[in-house]
Amino acid sequence: MADRKTIKSPMPGTFYRRPSPDEDPFVNEGDRVSSGDVLGLVEVMKSFNEVKSDQDGVVESFLVENEDAVEAGQDLVELGEG
Amino acid sequence: MRKVLVANRSEIALRVIRTCRELELDTVAVYSDADRDALHVRQADEAVSIGKPHARESYLNVDKLIDAARETGADAIHPGYGFLSESSRFAEACEAAGVTFVGPSAEAIAAMGDKAAARRLAREAGVPVVPGTDASTDTDVAQRGADEIGYPVMVKAAAGGGGRGIRVARDADELRGLVADAAREAEAAFGDASLYVEKLLERARHVEIQVVGDRHGNVVHFHERECSLQRRRQKLVEESPSPALESSTREGMAEAAVRLAEAVGYTSAGTVEFLVDEDERFYFIEMNTRLQVEHGVTEMVTGTDLVREQLLVAAGEELELSQEDVTPSGSSIEFRINAEDPDRGFQPAPGRIESLELPGGPGVRVDTAIYAGYTVPPFYDSLIAKLLVWAPTREQGLRRGRRALEELRIEGVATTIPLHLRLLEDERVLAGDIHTGYLEQVPA
């Protein structure tokens, strides 16, 4: 079994998978990411905060949809070792 | 006008509801899923749920708001500030639905909303503007214009506003490096890549004139507000009168504001914003075609309820006040209390208000919609309260401000209260010797 880890939202707000509505998602399922890569944005009170991966891995799945309301500490992305 | 739907939330929705009740107008609140427990919902006569927390699906959704007005039989919509308050499309939609939009005409909103067109109109009305170029999608125009005007310059999106879409270039190289990005960003943010360039006035004050026009051709001004204490172009402290200007400068600005309002056929409450340089030359920057966050300081010094004036002129009534009737007295200061942590780079701090103690006593006004046990949602603006004071003199007002800020206790979320208390220790703030860049320079 591959070891899995989730990336959590640092704060409550709205989760975005894209830098702006017309652009491609930061990452897609199956993408290999490194520690420090941006996985999405959380908008809180009109300020945008990057959600970064804290490890190397492969994006297994997104646990929330684009523009979903999220809580602080909520699981956003599941990473596997790939 | 019998029933007013307030297309907004938080303190400004409550503010509008209060005046409606004094005018014996019925009120309809609207609320997103995040605002079920909000005070504006409880204080209105009726409330309509309009959708998900995200503003685009609720407070910015024109169809849902018009439907809510139809459903409740509201014959007027007050947009507050922010959200759809400066949307000419919303004003048109209200008109098409046979509902009075409590604001200026869609044409006036559109004319002032296009910031480059507004500059042109201002020039035509004999109102001085900051030296700059017309808007163009051709980035060479910006470059040539900037070379002519002299650096530093600001690059602005023609369709922008509220401090958004602005970049600074200190020389030609820097400008060359950023125009393409600025155009792309303007296109993405506002659907219009047009840019214009303006001379950056350093150490300038931000002073604005409150005006109200009616549908009978009258425009009256309510004097100035000084809003130079800003962070990232967001105002934090506002006061009236300005602590610095000569009366001739004040009068010149007020007359210019009235000329501009007349030129656009302005029929509501609005604000004409100016920058004032160190030699007290003033330059038009933009007109906000709505009620302003800081309208309260003008109410405190003039004794006029601006929302009342706004509702009455929207109902077609003629202004009761003539210019001679507007006689400001004393000094008023507003402190914006934001759910932000000034000690952590102003990081937004939504969350539950564990306890709340509000200040009171002479000359103190608090506009807020928070209460103990209320959870400030993360989806909207961080402004949670406005603390306003009035006193016969500015010096007394500053002392009263400190006293009221010390009385105001908010537990559960970080706020800008400690920042305001520090500002009230700052010699230059106390002396009124400030400019729009001042807050960025002092360690907050």
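Bear in mind these aren't lab numbers, they're just calculated from the coordinates by the rules spelled out. Everything quoted here is computed from the prediction, not taken from an experiment. Neighbour counts run over all protein chains shown; Cβ positions are idealised from the backbone, glycine included.
Give me a single rounded figure for B:336-343: the average over its residues of other chain Cβ atoms within 10 Å of their Cβ.
1
For chain B, take N as its residue count and report Rg(C-alpha) divided by 2.2 N^0.38 Å.
Against the compact-globule rule of thumb, the ratio is 0.95.
So which aspartates and glutamates can A:Lys52 reach, going by Cα to Cα under 16 Å and dropping same-chain residues fewer than 8 places off?
Those aspartates and glutamates meeting the cut-off are A:Glu29, A:Asp31, A:Asp37, A:Glu43, A:Glu60, A:Asp75, A:Glu78.
Given the convex hull of the Cα atoms of region B:29-96, what is a quarter of its surface area in nm²?
Result: 4.3 nm².
Nearest 20 debye, what's the magnitude of the dipole of region B:221-373 about its Cα centre given +1 on Lys and Arg Cβ and -1 on Asp and Glu Cβ?
Once rounded to the nearest 20, the dipole reads 680 debye.
In whole Å, what is the distance between the alpha-carbon centres of region B:366-432 and region B:131-151?
Using only Cα atoms to place each centre, the spacing works out to 40 Å.
Other chains' Cβ within 10 Å of A:52-60 residues: what's the mean?
Partner Cβ neighbours, averaged per residue: 0.
Once you charge only the Cβ atoms, +1 for Lys and Arg and -1 for Asp and Glu, what is the size of the charge dipole of the protein assembly as shown about its Cα centre, to the nearest 20 debye?
Value, rounded to 20: 720 debye.
Provide the three semi-axes, in whole Å and in decreasing order, of the ellipsoid equivalent to region B:309-444 as defined by the square roots of 5 times the Cα gyration tensor eigenvalues.
28, 22, 16
Starting from 0.36 nm per residue, how many nanometres of slack lie between B:Glu71 and B:Ser322 once their C-alpha separation is accounted for?
Contour length minus Cα-Cα distance gives 86.5 nm.
Looking at region B:182-276 from every direction and averaging, what is the projected area of its Cα convex hull in nm²?
7.7 nm²
Report for the protein assembly as shown the percent antiparallel among DSSP-assigned beta bridges with both residues inside it, nearest 5.
85 percent
By average Cβ neighbour count within 10 Å, what is the ranking of B:107-120, B:241-254 from highest down?
Result, highest mean first: B:107-120, B:241-254.
Taking just the alpha carbons, could you work out the radius of gyration and Dmax for the protein assembly as shown, both in angstroms?
According to the Cα coordinates of the protein assembly as shown, Rg and Dmax are 23.5, 82 Å.
Projecting each Cα onto the charge dipole of region B:143-218 (Lys/Arg +1, Asp/Glu -1 at the beta carbon, about the Cα centre), which of B:Ala182, B:Ala204, B:Ala157 comes out farthest on the positive side?
Checking the options against the dipole of region B:143-218, the answer is B:Ala204.
Mind jotting down a quarter of the surface of the convex hull over the alpha carbons of chain A, in square nanometres, one decimal?
Value for chain A: 4.9 nm².
If you count, for every residue in A:63-71, the Cβ atoms of partner chains within 10 Å of its Cβ, what is the mean?
Per-residue shielding by partner chains comes out at 2.
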